[in-house]
Amino acid sequence: ILLVEDEESVREMMTQMIRRIGYEVAHCAAGSEAIDHLRENPGKYDLVLSDHMMPHMTGVEMAAEVRVDFPDLPVVLISGYSPKKLESAMAENPSIKAVLKKPIASAKLLQTLQSVLRAQKKAA
């Protein structure tokens, strides 16, 4: 899993949470950094987990960029907004498979990651 989160403390906490629930994780602090990292490591990641509100590039904008080079790579957004507010973005960008509302419980994170990854394997 590639985690994209601009706030260092949140990034560290999320990295630990993802590891505790059993996934390998790398992280980037910005959408542009994540896109470069994905391009340098094609096929390395099964999923991108990204904060929605970040400086310079939102999670939705990053997901659109990711879709250009990696159309089958699923993106899960993390947002303080209601998931309903991001439904139109999900409809416009099929790479966005789910939205998690902050704060995130580890059980909800695990359930969402498993669900998205399971659906991805079935589609492949």
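Test ILE96 against the criterion of being farther than 19 Å from MET13 by Cβ and surrounded by 19 or more Cβ atoms within 10 Å (Cβ to Cβ), and give yes or no. Steps first, answer last, please.
Values: farther than 19 Å from MET13 by Cβ: yes; surrounded by 19 or more Cβ atoms within 10 Å (Cβ to Cβ): yes.
For ILE96, the condition - farther than 19 Å from MET13 by Cβ and surrounded by 19 or more Cβ atoms within 10 Å (Cβ to Cβ) - is met.
Of all residues in region 53-72, which are open to solvent by less than 20 Å² (accessible area, probe 1.4 Å) and either farther than 21 Å from LYS121 by Cα or touching an Asp or Glu at 6+ places or on another chain (Cβ under 8 Å) (or both)?
Of everything in region 53-72, those that are open to solvent by less than 20 Å² (accessible area, probe 1.4 Å) and either farther than 21 Å from LYS121 by Cα or touching an Asp or Glu at 6+ places or on another chain (Cβ under 8 Å) (or both) turn out to be MET54, GLY59, MET62.
Which pairs turn up if I take residues in region 1-16 that are without any contact (Cβ under 8 Å) to a residue 12 or more places away in the chain and look for partners that are among the aliphatic types (A, V, I, L, M) with beta carbon separation below 8 Å, at least 6 apart in sequence or on another chain?
Cβ pairs passing all conditions: none.
How many residues are touching a residue at least 12 places away in the same chain (Cβ under 8 Å), open to solvent by 30 Å² or more (accessible area, probe 1.4 Å) and in a helix (DSSP H, G or I) when one looks only at region 99-116?
Residues in region 99-116 being touching a residue at least 12 places away in the same chain (Cβ under 8 Å), open to solvent by 30 Å² or more (accessible area, probe 1.4 Å) and in a helix (DSSP H, G or I): 3 in total.
What is the residue count in region 2-46 for residues that are surrounded by fewer than 20 Cβ atoms within 10 Å (Cβ to Cβ) and either among the small types (Gly, Ala, Ser) or outside any helix (DSSP H, G or I) (or both)?
Matching residues across region 2-46 total 18.
Which pairs have Cβ atoms under 6 Å, sit 6 or more apart or on different chains, and link a residue in region 68-97 that is under 17 Å from LEU47 (Cβ atoms) and free of Cβ contacts under 8 Å to residues at least 60 places away in the same chain to one that is outside any strand (DSSP E or B) and charged (D, E, K, R)?
Qualifying pairs under 6 Å: SER95/ARG67.
Regarding SER79, is this residue closer than 18 Å to ASP6 by Cβ, touching a strand residue (DSSP E or B) at 6+ places or on another chain (Cβ under 9 Å) and not β-branched (Val, Ile, Thr)?
Numbers: closer than 18 Å to ASP6 by Cβ: yes; touching a strand residue (DSSP E or B) at 6+ places or on another chain (Cβ under 9 Å): yes; not β-branched (Val, Ile, Thr): yes.
Yes; evaluated as a whole, the condition is true for this residue.
Output the number of residues of region 1-46 satisfying the condition of being within 20 Å of LYS108 (Cβ to Cβ) and under 13 Å from the mean Cα position of the chain (by Cα).
12
Just to verify a result, which residue in region 82-104, among those that are touching a strand residue (DSSP E or B) at 6+ places or on another chain (Cβ under 8 Å) and among the aliphatic types (A, V, I, L, M), is nearest to GLY31 (Cα to Cα)?
ILE96
The values are calculated or read from the model by the stated rules, or taken from the named source; none is laboratory data. Since the model is a prediction, treat every value here as computed from it, not as a measurement. Cβ sites come from the backbone with ideal geometry, for glycine too, and all protein chains shown count toward neighbours. Remember, those area values only see protein heavy atoms, side chains included, never the ligands or the DNA or RNA. Shrake-Rupley method; radii C 1.70, N 1.55, O 1.52, S 1.80 Å.
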